[in-house]
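The values are calculated or read from the model by the stated rules, or taken from the named source; none is laboratory data. All figures in this text were calculated on a predicted structure; none of them were measured in a lab. Every residue, glycine as well, gets a Cβ built from its backbone with ideal geometry; the counts of neighbours run over all protein chains shown.
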């Protein structure tokens, strides 16, 4: 038995020596081939196997003492072949040791904007440089999104590692759909992409194609009411006039829409609020009355967005003109005391405000000039206050009382304008004529000027009455203030 | 019957007045027609003081105004008695405008002798202007210095004639016609009562409230 073992060992040694003699003759080794390429010192061939270098973690790799230049490993952390240059461990696709290798992650890969409860989504982009000298990593957005959707990176350049918020906003006017947004990270010559999928859900659409009066959006368009917040976009077509027929009713109200709803308005037409009426004449004991306030265009009861580049007209009603009046007991020699009432009505305000008229009556001498009505339409103008500038003769027996009022009621305001204050005085010239032997005696030459500020004109209405709800102007914001421009007239607040 | 009684009353009154000479205290009632005026003026004459009342009714209510010319101040004191109030006011004499058509450019003043008007022996004067002829009957016995009131009585041809003739007295009848004979002004005296004027007639009673107080602008 022992002899048999010795025999077998001898055969193996002889065989090995033969093989070594072959290597020694060709100076290279082939595995899976008997004819290794002469240029290769080791030539491997297989159809069902691969070459497996040492698999090390980064920590294990870095524990190799004095790695030889060209030492090759597979990095199990980064899943990549690495070799030692004599200076650094390089990824096989790196060009030099300073090439930037980084990772990039998104907090979410998809999101939705419904424009009712939210107008935006935020995605956190995190980058981390894992190789190469520390470098800046630039982030870019490639967004295939419709008008009304904007993207913004809070931190577009990150050094080495860090994060940036990608904020995506959508107006209520953006076309609904699903849109891709690519986030691109660039560090040196290395470029990475991540894809984000944005979904914008649709809003209700209401088109105003014919004139309306005192429009109630929820009611007229049969929209959901309380408990069902929605977004809705109302578009006023060119040439269409929406108006109100009384200052107590705005041109547009939202009706019973849920308070969490979001209304968008695109106005290519004209939204014209009713102007305040001119003040009626005062009673006998007053000096007139203030003009009436103008009507509002939109009374917000939900959040609202207004497209501001449409060249549509948004005109609040003007304030009516204040009336003036003097109710005065004038004592005239010879005749005694007369209650005289002189007044002018305030002018109506655009649109279509009525001029003030007289409410005086039953007095002994009434002189009144009614205010004029305003006109309507986009070119509507406020009416002028009534004007008194002519003499009125009151003959009684031999006495002739000439009453000459001078003044006018306040003018009605144009769209979004204040009504004005009027002014008034009254001159009395009283003569008595006796044909013989005297002639005509001037017994009273007296001007009554109360020297007061008569009641003011009315205030203009609101172009937009927010009632505390947020107003979003698209693309330009509409801060709370008083507007008097070509397309906006009235208060926003 | 009433008219007859009225004429008799006038006649007796005037006859009684005739018996007096150089009257310095009298009340005269005259009727005046002209322009739009057709009413009575009651004159109060005492010394060289003159006052007169003018009455008219409107809507059934009577209005009486007393005018007291004040030569020193150049004003009329005007006491207005209305149905509801008593008012004191003044009017500047310089602002008095003559009656429309009154022409101060007198062409001629002619004394036409004496004539008895309603029993009173009057001096008749004829005053001519370019457009009118006026017959004036002046009672020279009324000693009131009438012409010194020229700045107040600016529509009286009789006053201008008396001034021209330096005549004293008081006109008790005046009739002005135009060149076509149309009566422009006619004044007749109905009644003269001698010694009937009290000094109070010329006083400004405190019952009359100054118009400046009545028309004080109210404060609001």
In segment B:159-180, residues that are within 12 Å of chain A (Cβ to nearest Cβ) and over 19 Å from the mean Cα position of the chain (by Cα) total 0
Could you say whether any residue in segment A:429-444 is assigned to a loop (DSSP other than H, G, I, E, B), touching a residue at least 24 places away in the same chain (Cβ under 8 Å) and crowded, with 24+ Cβ neighbours inside 10 Å? no
State whether the residues of segment A:55-71 include one that is exposed (fewer than 12 other Cβ atoms within 10 Å of the Cβ) and in contact with a helix residue (DSSP H, G or I) (Cβ under 8 Å, 6 or more places away or on another chain). no
Of (1) assigned to a strand (DSSP E or B); (2) farther than 30 Å from residue A:307 by Cα, residue A:94 satisfies every one except (1)
When (1) under 28 Å from residue B:85 (Cβ atoms); (2) away from every other protein chain (no Cβ under 11 Å); (3) at pLDDT 95 or above are applied to residue B:208, the one that fails is (2)
When residue A:390 is run through (1) buried (at least 21 other Cβ atoms within 10 Å of the Cβ); (2) free of Cβ contacts under 8 Å to residues at least 60 places away in the same chain, the failure sits at (1)
For segment B:101-141 the number of residues that are farther than 26 Å from residue B:191 by Cα, in a strand (DSSP E or B) and without any contact (Cβ under 8 Å) to a residue 24 or more places away in the chain is 3
Exactly one of B:144, B:187 is within 14 Å of chain A (Cβ to nearest Cβ), part of a strand (DSSP E or B) and under 18 Å from the mean Cα position of the chain (by Cα), and that one is B:187
Being within 9 Å of another protein chain (Cβ to nearest Cβ) and crowded, with 18+ Cβ neighbours inside 10 Å narrows B:99, B:134 down to just B:99
Reported set for segment B:54-74 where residues are surrounded by fewer than 19 Cβ atoms within 10 Å (Cβ to Cβ) and either out of contact with any helix residue (DSSP H, G or I) (no Cβ under 6 Å at 6 or more places or on another chain) or within 9 Å of chain A (Cβ to nearest Cβ) (or both) is B:55, B:57, B:58, B:59, B:60, B:61, B:62, B:64, B:70, B:71, B:72, B:73
Out of (1) in contact (Cβ under 8 Å) with a residue 60 or more places away in the chain; (2) over 22 Å from the mean Cα position of the chain (by Cα); (3) part of a loop (DSSP other than H, G, I, E, B), the one residue A:183 does not meet is (3)
Within segment B:27-51, the count of residues that are crowded, with 17+ Cβ neighbours inside 10 Å and at positive phi comes to 2
Inside segment A:227-244, the number of residues satisfying the requirement of being farther than 23 Å from residue A:352 by Cα and more than 24 Å from the chain's Cα centre (by Cα) is 1
